1. Obtain the nm distance between the two label points defined at residue 30 and residue 160 by a simple spin-label model: each point lies 7 Å from its Cα along the Cα-to-C-beta direction.
2. Accessible area of residue 130, 1.4 Å probe, to the nearest 10 Å²?
3. Could you give the length gained by full extension between residue 125 and residue 189, i.e. 0.36 nm per residue of separation minus their alpha carbon distance, to one decimal place?
4. Compute the Cα gyration tensor for segment 131-193, then decide on rounded, prolate or oblate, letting a ≥ b ≥ c be the square roots of its eigenvalues: rounded whenever a/c is under 1.5, prolate when a/b is larger than b/c in the other cases, and oblate in all that remain.
5. Where a Cα-Cα gap under 19 Å defines reach, which aspartates and glutamates qualify for residue 45, not counting those fewer than 8 residues away within the same chain?
6. Kindly provide the helix-only [θ] at 222 nm of the chain, computed as the sum of -39,500 (n - 2.57) over DSSP H runs of four or more divided by all residues, to the nearest 500 deg cm²/dmol?
7. Within segment 135-157, list the residues whose amide N lies under 12 Å from a label point set 7 Å along Cα→Cβ of residue 70.
8. Identify all lysines with a Cα-Cα distance to residue 147 below 22 Å; exclude those on the same chain that are fewer than 8 residues away in sequence.
Amino acid sequence: MPPKQATVLIDDLVKALQDKAVLEAIGNIFDAKLKELCNENKKLKEELCVAHNRIEALEAYSKKPDLIITGLPPATYADSASTPSSEVTTVESSETTENAVLELFQKELGVQVSSQDISAVHRLKKRTSTAPAPVIVRFSNLKTREKVYRARSGLKNYASRTGRSIYINEHLTPNTAALFKTARGLARDRHLH
């Protein structure tokens with residue numbers, strides 16, 4: 001395209017953009033497109049919220065059979081008094097952890113739990129360097145899980161006898177755990193009755 005023709009086209013475009021009718025038509029096109037995109041965005045946000053709620057519900061359901069035990073000392077440390085220090089390992093087997101958990105349930109809580117009532121037991125990642133790693137217990141029998149959870153107040157006697165606190169809590173989703181933490185804080189500060 002020769003330069004003279006390009007200049008003419010630019011001049012025609014500038015004149016057209018100065019016409020209020022042309023500007024209004026262009027503005028209407030942009031407004032319509034913006035409205036369409038806003039509606040689509042709103043719909044996608046609603047769908048995302050529904051999907052998030054479903055995922056939260058599925059995650060909560062999948063964690064229902066679990067209990068988290070914090071403060072339970074590793075069984076290998078208990079055996080360390082009779083074992084030379086060079087042979088002590090700080091990693092306990094899942095069988096050892098399961099036996100320690102079963103002993104806790106039966107002796108301290110008075111709840112009869114067998115290996116068949118538990119489908120998995122293992123330690124989680126340590127939160128602090130001084131406290132023992134928490135233990136997660138997945139029950140295959142929900143009735144037994146509920147008996148253990150209801151009997152957890154018996155651990156207060158254990159704490160007064162040994163000076164060590166052990167806690168048994170439900171395995172909650174991060175959102176539910178944050179909600180409970182906020183509620184406990186409000187109750188502690190006497191904002192909730």
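The values are calculated or read from the model by the stated rules, or taken from the named source; none is laboratory data. For clarity, every value in this text was computed on a predicted model and none was experimentally measured. Because the Cβ atoms are built from the backbone with ideal geometry, glycine has one as well, and the counts that use them run over all protein chains shown. Protein only, heavy atoms only, side chains kept; ligands, DNA and RNA dropped before computing areas. Shrake-Rupley method; radii C 1.70, N 1.55, O 1.52, S 1.80 Å.
1. Distance between label points: 7.5 nm.
2. Rounded to the nearest 10, the figure is 130 Å².
3. 19.9 nm
4. oblate
5. Candidates past the 8-residue exclusion: 36, 56.
6. -18000 deg cm²/dmol
7. Residues passing the 12 Å test: 135.
8. Answer for residue 147, where 22 Å is the Cα cut-off: 63, 64, 107, 156, listed by chain and number.
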